[in-house]
Amino acid sequence: MRYMTRIKWAALGGLLLSCVSLLVHLLLAKYSSADLVQYSAITGFVDDLTINAGWQGAAHRRLWGNVKSLESLYPYANPRSRHPAAPAEKNNGFIYAKVYGGFEKIRTSICDLVAVSRLLNATLVIPEIQESTRAKGISFKFRSFSYIYNEDQFITALSNDIVIVKSLPPHMKGAMKKKQYPVFKPKATSSPRFYANEVLPKLKKAKVIVFVLTGGGCLQPVLPLDLEEYQRLRCRVSFHALQFRPEVLALGRRMVERLRAAGQPYLAYHSGLVRDTLAYHGCAELFQDVHTELIQYQRAQMIKQGIITDQLNVDSHARKANGSCPLMPEEVGLLLRAMGYPPKTRIYLAGSETFGGQRVLIPLRAMYANLADRTSLCSKQELSDLVGPETQLPLDVFQTPPVKSVDELEEEWDKAGPRPRPLPPPPDRPVYRHEKEGWYGWITERDTEPDPSPIDLRRQAHRLLWAALDYIVSVEADAFIPGFNNDGSGWPDFASLVMGHRLYEIASARTYRPDRKYIVKLFANVSGNVYHPKRNWTLQVREHLNSSLGEVGLLRESHLSKRTSFLSHPIPECSCRNFRSSETSDVGKGSGASQYLYSDEVECPKWMQHSAMANRPENGGNENESQEDGVDMEGQLDSDEDSGMTESSLTLEQDEEMDPND
């Protein structure tokens, strides 16, 4: 009895101590003057990389330095021949355009529209961007063109080239509503002769023509030599006139500042994993489950529309071996590891939506923990302010699928074809809401994709803003690597536009141009041990990627990309050579610096040469430094790998190959 009493007193004492402890914690939380420590992606981002802030010298320049052989290339899009100003009066009429598609198609189409307006001596009405016009209830502050671009800047910057107005004259708007003006749907490969013979006569007669652009352009990328000034006009539009609205620019610059906090460089990466592109090239088998079905459905629709003339079922692995499919994020991570980028390198993931979801990014995150995107760099409030005030829309209502009989289910299964479709849930188990709703739920129940809901249309408009932010961050990045570009489809792609802008603005910026076909062969040689390859494989990767940075990569890109998208490779039409600036850094090397890469290159005017000499930043250090910095860098890599990276680490050895910057 006495023993049981002691147990009760002990239990009571423990309960009292627990209550006192809880009370003390509550009082400390209420009256303590110390603020609670809150973790944010940005603060963790900086703290993780502070240890690497001291990396300098040859090792640092090998990863982040400019390409010496391209430092003599400067942007020069000014007219080089007699280029009369745009006539204020007595032109042939107005061009009214409706532009469909995403960010890439919109940007390319606007550049072509300006060139065509100049070609036809017409007044251009500010193009109507349908992605934002179709979205219901978006901010009343920003509509159509002004949703992403600055209208006033656009009009002012091109005032010497064409006349641009914000709307049609009042007496013409009525006929526009009645659809009385001729409508054209030009292709992205339309020639100047088409406009001179087919469009110009109707423009002079009707005074207004309507363009409906769906293919990402309305003028062929390569123009005759006598129309070279129109190529420079395209450059002035894309790289000078098309400025984002101030709110987008401000947030984009803040994102760049956050990525470069504590003086750290960053690399931008665009995966190119887009459903339309994957369907066009037949890359469905590179994915799993519902993603494969979605790609195949989209490919079937393209075949019906005549976009694809190939068969539905193709060997995706053979297409990838041919370079027609994107490099997966895991492969890009392995390439960066082979190049020597440390595990804590800051990588910005561009692309508003990566097809395949977060699952395809898991290997890349395992190799590079500091993988950021707009959601981790911006707060929800910042993104909400960018979108502006919007009216509330009803959420998508979930509709329970109708109950099907056993005969109907058996008939559907017999007609499903050789590719097995997902089985329906057992009849005794209820169908839960989360199993059927969402962007992919329809694939298990229907043969046709449902029309976009109001919420979907609004999200498509938002993607234009997210792509604009990604564009700013990617162009400003210290290094850029694409997962997919120059796919041969003829559509403009995000990575190619970024690479073209970087080539125009700072040609020597570190932009990798990998040959996907060659990279796939390299991975095939080490398919069983990609995380611990031999030294020769690492050297082959470095040699290929280093050569893609310089003149070898430029010449290859000019043959592949220029015929489908001029803005992806705007040189030599929109550039000039300033050999005086490069000769100062090449004194005593005996390298033939004063050599042209293209036959029709020109030397920069004298006023540009003097300005460039005064404003060119120091490149930092002698290129003939010893290899000690490289050894120190790789020692740091080894310590990072021992502490955090196991399976996904590579043993980086000291290499003595020639750096492309030399």
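Here are a few things to note about the model shown:
- Of the criteria (1) surrounded by fewer than 15 Cβ atoms within 10 Å (Cβ to Cβ); (2) at positive phi; (3) touching a residue at least 12 places away in the same chain (Cβ under 8 Å), which one Val222 fails: (2)
- Selection status of Ser146, closer than 30 Å to Pro454 by Cα, open to solvent by less than 50 Å² (accessible area, probe 1.4 Å) and in contact with a Gly (Cβ under 7 Å, 6 or more places away or on another chain): no
Rundown of residues vs (1) touching a helix residue (DSSP H, G or I) at 6+ places or on another chain (Cβ under 6 Å); (2) within 29 Å of Arg459 (Cα to Cα), yes/no style:
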| position | (1), (2) |
| --- | --- |
| Ile129 | yes, yes |
| Ile138 | yes, yes |
| Ser146 | no, yes |
| Ala157 | yes, no |
| Gly174 | no, no |
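- Residue check, Pro389 in contact (Cβ under 8 Å) with a residue 60 or more places away in the chain and over 23 Å from the mean Cα position of the chain (by Cα): yes
- Where a residue in region 517-541 is touching a residue at least 60 places away in the same chain (Cβ under 8 Å) and assigned to a helix (DSSP H, G or I) and its partner, wherever it lies, is open to solvent by 80 Å² or more (accessible area, probe 1.4 Å) and not β-branched (Val, Ile, Thr), with Cβ under 8 Å and at least six apart: Lys517/Asn322; Arg535/Glu653; Trp537/Asn525; Thr538/Glu653
- Test for Ala461: is it surrounded by 13 or more Cβ atoms within 10 Å (Cβ to Cβ), at pLDDT 75 or above, among the aliphatic types (A, V, I, L, M) and touching a Gly at 6+ places or on another chain (Cβ under 9 Å): no
- Answer residue from region 158-211, given it is in a loop (DSSP other than H, G, I, E, B) and among the hydroxyl-bearing types (Ser, Thr, Tyr) and is least open to solvent (accessible area, probe 1.4 Å) among those: Ser190
- Residues located in region 240-279, provided they are of a type in the set (Val, Ile, Thr) and within 30 Å of Asp310 (Cβ to Cβ): Val274, Thr277
- The residues listed here are Ala338, Ala369; of these, the one that is open to solvent by less than 10 Å² (accessible area, probe 1.4 Å), in contact (Cβ under 8 Å) with a residue 12 or more places away in the chain and small (Gly, Ala, Ser) is Ala338.
- Considering region 225-244, the residues that are open to solvent by 20 Å² or more (accessible area, probe 1.4 Å) and under 20 Å from the mean Cα position of the chain (by Cα) include one that is farthest from Ala115 (Cα to Cα), namely Gln243.
- Yes/no for Gly356 being modelled with pLDDT under 90, touching a Leu at 6+ places or on another chain (Cβ under 8 Å) and more than 30 Å from Glu247 (Cβ to Cβ): yes
- Considering Gly306, Gly323, the condition of being under 21 Å from the mean Cα position of the chain (by Cα) and either assigned to a helix (DSSP H, G or I) or not polar (S, T, N, Q) (or both) is satisfied by Gly323 alone.
- The numbered conditions (1) buried (at least 20 other Cβ atoms within 10 Å of the Cβ); (2) in contact (Cβ under 8 Å) with a residue 40 or more places away in the chain; (3) under 23 Å from Pro492 (Cα atoms); (4) out of contact with any strand residue (DSSP E or B) (no Cβ under 9 Å at 6 or more places or on another chain) are all true for Ala321 except (1).
- Whether a residue is in contact with a helix residue (DSSP H, G or I) (Cβ under 7 Å, 6 or more places away or on another chain) and of a type in the set (A, V, I, L, M) was assessed, and Val530 passes this test.
- Pair list, Cβ < 6 Å and 6+ apart or interchain, from region 558-576 residues that are small (Gly, Ala, Ser) to residues that are open to solvent by 10 Å² or more (accessible area, probe 1.4 Å) and part of a loop (DSSP other than H, G, I, E, B): Ser561/Asn486; Ser565/Pro221; Ser565/Pro492; Ser575/Tyr76
- Residue in region 376-393 that is modelled with pLDDT of 75 or more, touching a Cys at 6+ places or on another chain (Cβ under 9 Å) and open to solvent by less than 60 Å² (accessible area, probe 1.4 Å) present: yes
- Failed condition for His270, given (1) open to solvent by less than 30 Å² (accessible area, probe 1.4 Å); (2) over 18 Å from Ala372 (Cβ atoms); (3) touching a Leu at 6+ places or on another chain (Cβ under 9 Å): (2)
- Near pairs, Cβ below 8 angstrom, 6+ apart or cross-chain, from region 171-191 (more than 22 Å from Thr214 (Cβ to Cβ)) to any residue that is of a type in the set (Val, Ile, Thr): Met172/Val208; Ala175/Val208
- Among the residues of region 431-458, the ones that are modelled with pLDDT of 75 or more, more than 23 Å from the chain's Cα centre (by Cα) and either open to solvent by 80 Å² or more (accessible area, probe 1.4 Å) or of a type in the set (A, V, I, L, M) (or both) come to 2 in all.
The values are calculated or read from the model by the stated rules, or taken from the named source; none is laboratory data. The structure displayed is predicted, hence computed values, not measured ones. Virtual Cβ from ideal backbone geometry, glycine too; neighbours counted across all protein chains shown. Side chains included, ligands, DNA and RNA excluded: accessible areas come from the protein's heavy atoms. Shrake-Rupley method; radii C 1.70, N 1.55, O 1.52, S 1.80 Å.
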